[in-house]
């Protein structure tokens, strides 16, 4: 009998996972408590921007012409429990307000809501990023609350999605890690992931704690690599060196590699910042806080990049922002996404506005989300519109559209040709040749 799959939580992770499971050939039921979100997904629309997800969703959502009909959505926990053989928990674990620790309330609520309806053997699979030790606690609670008792098993299968590449990363991940305590749980997950496994994707079975730590460790390593090169950018500015040439030289070393070694405004989003902070908090609870004290400096370096960009912008405006117009290119925390959570670009824009500047923001996809979160900023429908009358232009999210901008065309609408490249990806010589004063973090002026 073919497995049936439920996906609990249909946000960024859940909607992508549900669509991918349907692509693998399974009957899938997505569950969410938000009726508006369910209505949107049922209509075949994606409530966020993620390349390729809309097309994958329409291919499988029931009720649409030409679809496989393998994917449906519901707000009924009981329906999802009765439907699925394998239940994936894909809810959010945000940072607790006023603390570093992760807020586990959404995961706890998902388990507590699902368990009482599990009357036959089922596998519940956590994909959310959680503090190490959570899976063991949740496994006990699941078995205690489920009518089927120990027949309701738990496994942990962390996600490693990159926003902008989530569909690709789900269908063809670079590895599949499973924390499982039984042969049955491993067998079921091998069946779920049979297609990528057959394509050669490594499938690794671990204990619960190791599976939980893989995601936290991976994000901590990536954050450390980003902050390392940004720390080098600080040194380069002081020494008159060029961090882009430094990172290129480092990347030739196979032990180091070039990925995540581009200096700039630093990381943001809904994962790296809150995950490294939650990791530090959990290490402290375990008595291993000294092992992760370096992550505090990683976080500090990252936040200093934003302050440094504000300082550079102030310098370019003659020492103060009052009466100055600043154009900000970018609002999403990264390109190919409309996600503005902990966006460095918007953080910089808001700081500059608070210091008296008239700030106009443009982003190809994230303007609507930005407007809801930062309504006092001014928004434009194009880069040219944002730059009109600007005394300085800030490039803060590395969309391909911004790399293609014509320096002469943009120069025709600004008040002063001053450009700050917060991502170190624009062609400095092309902009300078067009009469622009070009500055970037970690590079000589």
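Taking segment 357-445 as the region of interest, the strands (runs of 3 or more DSSP E) fully inside it that hold 1 or more residues being farther than 30 Å from residue 240 by Cβ and in contact with a helix residue (DSSP H, G or I) (Cβ under 6 Å, 6 or more places away or on another chain) are 358-362. The criterion of at least 1 residues that are under 19 Å from the mean Cα position of the chain (by Cα) and not assigned by TED's automatic domain parsing to the domain that holds residue 301 is met by the following helices (runs of 4 or more DSSP H) wholly inside segment 165-250: 166-171, 208-239. Condition (residue is part of a helix (DSSP H, G or I), within 20 Å of residue 193 (Cα to Cα) and assigned by TED's automatic domain parsing to the domain that holds residue 157) applied to segment 1-9: is it met by at least one residue? No. Which of the residues belonging to segment 194-232 are in contact with a strand residue (DSSP E or B) (Cβ under 9 Å, 6 or more places away or on another chain), farther than 30 Å from residue 303 by Cβ and free of Cβ contacts under 8 Å to residues at least 60 places away in the same chain? Within segment 194-232, 196, 197, 201, 202, 203, 204, 205, 206, 207, 210 meet the criteria. Going by the structure shown, is residue 416 more than 33 Å from the chain's Cα centre (by Cα) and under 15 Å from residue 328 (Cα atoms)? Yes: the conditions hold for residue 416. Just to be sure, is residue 316 crowded, with 19+ Cβ neighbours inside 10 Å, touching a residue at least 24 places away in the same chain (Cβ under 8 Å), in contact with a strand residue (DSSP E or B) (Cβ under 7 Å, 6 or more places away or on another chain) and more than 25 Å from residue 443 (Cβ to Cβ)? Answer is no for this residue.
Residue 235 meets the conditions (1) more than 22 Å from residue 96 (Cα to Cα); (2) touching a strand residue (DSSP E or B) at 6+ places or on another chain (Cβ under 8 Å) in every case but one. The failed one is (2). Looking across segment 219-267, just one residue is surrounded by fewer than 16 Cβ atoms within 10 Å (Cβ to Cβ) and under 30 Å from residue 180 (Cα atoms), and that is 221.
Look at segment 274-291 and say how many of its residues are within 13 Å of residue 217 (Cβ to Cβ) and either buried (at least 19 other Cβ atoms within 10 Å of the Cβ) or within 22 Å of the chain's Cα centre (by Cα) (or both). Residues in segment 274-291 being within 13 Å of residue 217 (Cβ to Cβ) and either buried (at least 19 other Cβ atoms within 10 Å of the Cβ) or within 22 Å of the chain's Cα centre (by Cα) (or both): 7 in total.
Does residue 32 meet the test of being over 25 Å from residue 189 (Cβ atoms) and outside the structural domain of residue 332 (by TED's automatic domain parsing)? The answer is no for residue 32. What do you reckon, is residue 321 under 28 Å from residue 399 (Cβ atoms) and either touching a strand residue (DSSP E or B) at 6+ places or on another chain (Cβ under 9 Å) or buried (at least 23 other Cβ atoms within 10 Å of the Cβ) (or both)? So residue 321 passes the test. Within segment 10-26, being assigned to a helix (DSSP H, G or I) and under 21 Å from the mean Cα position of the chain (by Cα) holds for 12, 13, 14, 15, 16, 17, 18, 19, 20, 21. Filtering segment 27-77 to residues that are at positive phi and under 21 Å from the mean Cα position of the chain (by Cα) leaves only 52. Step by step: first the residues of segment 397-421, then only those that are touching a strand residue (DSSP E or B) at 6+ places or on another chain (Cβ under 6 Å) and within 19 Å of residue 310 (Cβ to Cβ), then the one that is surrounded by the fewest Cβ atoms within 10 Å (Cβ to Cβ). Which residue is that? Result: 418. Of the residues making up segment 145-157, just one is in contact (Cβ under 8 Å) with a residue 12 or more places away in the chain and out of contact with any strand residue (DSSP E or B) (no Cβ under 9 Å at 6 or more places or on another chain), namely 147.
Just the residues that are within 22 Å of the chain's Cα centre (by Cα) and under 22 Å from residue 410 (Cβ atoms), please, taken from segment 310-335. Of everything in segment 310-335, those that are within 22 Å of the chain's Cα centre (by Cα) and under 22 Å from residue 410 (Cβ atoms) turn out to be 328, 329, 330, 331, 332, 335.
Taking segment 368-383 as the range and being surrounded by fewer than 18 Cβ atoms within 10 Å (Cβ to Cβ) and either farther than 19 Å from residue 324 by Cβ or not assigned by TED's automatic domain parsing to the domain that holds residue 342 (or both) as the test, the residues that pass are 368, 371, 372, 373, 375, 381, 382. Checking each residue in segment 149-164 for being surrounded by 15 or more Cβ atoms within 10 Å (Cβ to Cβ) and either touching a helix residue (DSSP H, G or I) at 6+ places or on another chain (Cβ under 8 Å) or modelled with pLDDT of 95 or more (or both) picks out 151, 152, 153, 154, 155, 156, 157, 158, 159, 160, 161, 163.
The values are calculated or read from the model by the stated rules, or taken from the named source; none is laboratory data. Every value quoted in this text rests on a predicted model; they were computed, and no experiment measured them. Every residue, glycine among them, receives a Cβ derived from its backbone with ideal geometry; neighbour counts consider all protein chains shown.
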